[in-house]
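What follows is a set of notes on a single structure, which appears directly below.
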Amino acid sequence: MSEQDLTPDQLEQLREQLASVSAADVVAEAAMSLIALAYVRLGIPPEQHERFRDLDQARLLVDALGGMLTATDGRLGAPEPSLRDALASLRMAFAEVAAHLEAHPDDAPAPTAAPEPEDSGILRPPSGLWVPGQE
């Protein structure tokens, strides 16, 4: 159903419903999506998600969550402490998975896409995600 399929009254009702949701709730919901997908990309739990493991994708999701929580610091209300705990747990899980794969490289799934060349000319900020063995 597209916006054109809605009557003016239905469209107004939809706008009212959207306006009634707080911005903090939308951010918290987005954070939950990042958390869930990050665990999938970490391959956790392995019996369900190992085939989806992609540490580059997991790092992007964890970094996005960290950036979102930094940008909204102190403004999310009740869910904020739980989201920060989830971020800390994700960072620890990332470090554990990365360390395991470094020690057992045969456990890593085959890459699904060609890695980007080292010097692609694209400037990227540092990830901010600490990984054992990286300075």
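Here are the numbers for this structure:
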read-out	value
Two-site label geometry, Ala88 and Ala23: point separation in nm, points 7 Å out along Cα→Cβ	2.7
Estimated vicinal HN-Hα couplings, Hz - segment 31-47 in sequence order (Karplus 6.51, -1.76, 1.60; Gly, Pro = x)	4, 5, 5, 4, 4, 4, 5, 4, 5, 4, 6, 7, x, 10, x, x, 5
Accessible-area composition of segment 7-46, carbon plus sulfur, in percent [1.4 Å probe]	63
Equivalent ellipsoid semi-axes - Cα gyration tensor, segment 48-88, angstrom	24, 12, 6
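The values are calculated or read from the model by the stated rules, or taken from the named source; none is laboratory data. Computed from a prediction, not measured in an experiment: that's the story for all the values here. When we count neighbours, we look across all protein chains shown, and the Cβ atoms used for this are built from the backbone with ideal geometry, even at glycine. Ligands, DNA and RNA are excluded from the accessible area calculation, which covers all protein heavy atoms including side chains. Shrake-Rupley method; radii C 1.70, N 1.55, O 1.52, S 1.80 Å.
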